[in-house]
Amino acid sequence: MRTGELGFWWRSVGGPEPARDPLPGPAEADVAIVGAGYTGLWTAYYLKRAQPSLQVVVLEGETAGFGASGRNGGWVSGFFSGPARVYERRGGRAGYAALQRAMFATVDEVGGFLAEHELEADFVKGGQLTVAVNPAQARRLRESVASHREDGLGEEDLRELSAAQLAGRVAVAGACGATFTPHVARVHPTKLLRGLAAVVEGLGVTIYEHTPVTEIRPRAALTPAGKVGARWIVRATEGYTASLRGLRRALVPMNSSMIITERLPAQAWEQIGWGGRELLSDGAHVYVYLQRTEDGRIAIGGRGVPYRFGSRTDGSTETAPGTVESLRARLAAMFPAASHVPLDQAWSGVLGMPRDWCMSVDADPAAGLAWAGGYVGEGVAAANLAGRTLRDLMLGERTELAALPWVGRRPRAWEPEPLRWAAIHGVYSLYRRADRSEQRSGRPSRLGRFLDALSGRR
């Protein structure tokens, strides 16, 4: 099994393309975007489509897609993190409902982009199954459906499945029920990233790689090669935001790890099923997320070491052996038919987490600063919505997207160290204890509910 590197997705397409040139020196542009991941590239794409005359440059510290955009689980999800009440404070229930519908539509927006530009990225809109593997999880899933009903989702958006109905789709060992939503699609994240970058460059956008930005100021981004001045500076750094001066406590770089199997034999797939290519997760507090790949593998991810002291990021993407074994065990428990299939690769990466678990986007015309992020792992789709929203905000368009209640949110800063490290590790340790308790007793954990309320997760 390989470990580290940039992960299986990159290796499956032959690795990163030859490096693009770094910024040669001080420069001027209409728009300078910091970060060549999904957020930065979607923003560049929609701006250039709206106003082709704009001079747009993208400044990337490593290579395009180096971060979470090239290492994620391949979920184009129409859902987003954080409790509804946070968004309702800004837009009421109608505003929250509008945001949810915009996210649902974003899944099709990504699929439409791939179709329009004739890009192959293994996109399949098969929906998502969240599986209960014990009675406690089943009860929590029922409560989740009831809560979403109150928020305006109908049976066509999210529904419960019995154990028998689930088994008709995919055979998960020990499952006692599930929920299903059609508003999620599978994608090969690196194929999407590379295709998007190529389209953006075809529109006349210049991507400078190996050009780290150390500080963002009004209408200026500072790099070792010199200052880049622009009417708009867009911060699209997500999990790497803490590396920018003055922003260490804005977003926590939360770690997530993945493993992927070799191709499963045909007889294993006959036992498992999974012909609909749904995205799959379990109902645990510390959950796992899975996809069946186009070439017949299973990729599974989850939290290992959740956070490194001082908001450090590990560019080597090494994955702790204990994390690999934990993910392997979860895979074998859910799919015994895959338990003897060798692992191909393990890798890790960071995602951006705000203090209140809720995403945000904004643009300040007075300072010429715009930003988006805090997707908490839902960024494959949310970054697309962010790009379209930033386009409207930066161009001064009063659209429905510009009025959504995630616009203009300012989450409070994370606690300083060592409180930040202790709190995050403590919460995840207790969540794991809650999961173990539920597995033994079959009853929802009071500790889990307390942690949800304490952390603001729900």
| note | Computed curve, the range 133-217, Cα-only Debye sum without solvent term, log₁₀ I(q)/I(0) at 0.15, 0.18, 0.25 Å⁻¹, is -0.73, -0.83, -1.27
| remark: Percent relative contact order for the range 6-118, counting Cα pairs under 8 Å at least six residues apart, stands at 24 percent
| note | Ranking R85, R457, R231, R277 from most to least accessible area with a 1.4 Å probe gives R231, R85, R277, R457
| task | Please give the direction-averaged projected area of the C-alpha convex hull for the range 317-450, in square nanometres with one decimal. | result | 12.4 nm²
| the range 183-285: equivalent-ellipsoid semi-axes (sqrt of 5 x gyration tensor eigenvalues, Cα, Å) | 39, 20, 12
| query | Dividing the Cα radius of gyration by the Kirkwood radius, what Rg/Rh value follows for the chain? | reply | 0.95
| task | Working from the alpha-carbon coordinates of the range 14-62, get Rg over Rh, Rh being the Kirkwood radius. | result | 0.99
| query | What does the charge add up to near R297, with Lys and Arg as +1, Asp and Glu as -1, over the other residues with Cβ less than 10 Å from its Cβ? | reply | -2
| Around L264: net Lys/Arg minus Asp/Glu count, Cβ-Cβ under 15 Å | 0
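Explain nothing, just the number: relative contact order of the chain, from Cα pairs under 8 Å at least 6 residues apart, as a whole percent.
It comes to 25 percent, rounded to a whole number.
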| task | Let me know the charge dipole size of the range 119-213 about its Cα centre in debye, to the nearest 20, where only the beta-carbon of Lys, Arg (+1) and Asp, Glu (-1) is charged. | result | 340 debye
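Given the rule -39500 (n - 2.57) for each run of at least 4 DSSP H residues, summed and divided by the residues of the chain, what is its mean residue ellipticity at 222 nm, to the nearest 500 deg cm²/dmol?
On the way: 11 runs with 156 residues, N = 458.
Rounded to the nearest 500, it is -11000 deg cm²/dmol.
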| Of all GluC sites (Glu not before Pro) in the range 346-416, which ones are in loop regions per DSSP and have a Cβ with at most 14 other Cβ atoms within 10 Å? | E397, E400
| message | As an exercise, find the ratio Rg/Rh for the range 249-326 from alpha-carbon atoms, using the Kirkwood inverse-distance average for Rh. | response | 1.05
| message | Using +1 at the C-beta of Lys and Arg and -1 at the C-beta of Asp and Glu, which of L99, V31, G396 has the Cα lying farthest in the positive direction of the dipole of the chain? | response | L99
| For q = 0.22 Å⁻¹, Debye-computed log10 I/I(0) when each Cα of the range 399-458 counts as one equal scatterer | -0.88
| said: Using the Cα atoms of the range 1-102, I'd like the radius of gyration and the largest Cα-Cα distance, Dmax, both in angstrom. | reply: 18.1, 50
| task | Enter the angle in degrees (range 0 to 90, nearest 10) between the Cα long axis of helix 446-455 and the first principal axis of the Cα atoms of the chain, meaning the one along which they spread out most. | result | 0 degrees
| remark: Percent antiparallel among DSSP beta bridges confined to the chain, nearest 5, equals 65 percent
| note | In whole percent, the fraction of accessible protein surface over the chain that belongs to carbon or sulfur atoms, probe radius 1.4 Å, stands at 52 percent
| Paramagnetic label zone (point 7 Å from Cα along Cα-to-C-beta, F309; backbone N under 15 Å) in the range 425-439 | 425-426
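About its Cα centre, what dipole magnitude does the chain give when the only charges are +1 on Lys and Arg Cβ and -1 on Asp and Glu Cβ, stated in debye to the nearest 20? Let's see the in-between values first.
Details: 55 positive and 47 negative charges, 330 e Å.
For this selection, approximately 1580 debye.
The values are calculated or read from the model by the stated rules, or taken from the named source; none is laboratory data. On a predicted model such as this, the values are computed, not experimentally measured, just so you know. Glycine also receives a Cβ, built like all others from the backbone with ideal geometry; neighbour counts cover every protein chain displayed. Ligands, DNA and RNA are excluded from the accessible area calculation, which covers all protein heavy atoms including side chains. Shrake-Rupley method; radii C 1.70, N 1.55, O 1.52, S 1.80 Å.
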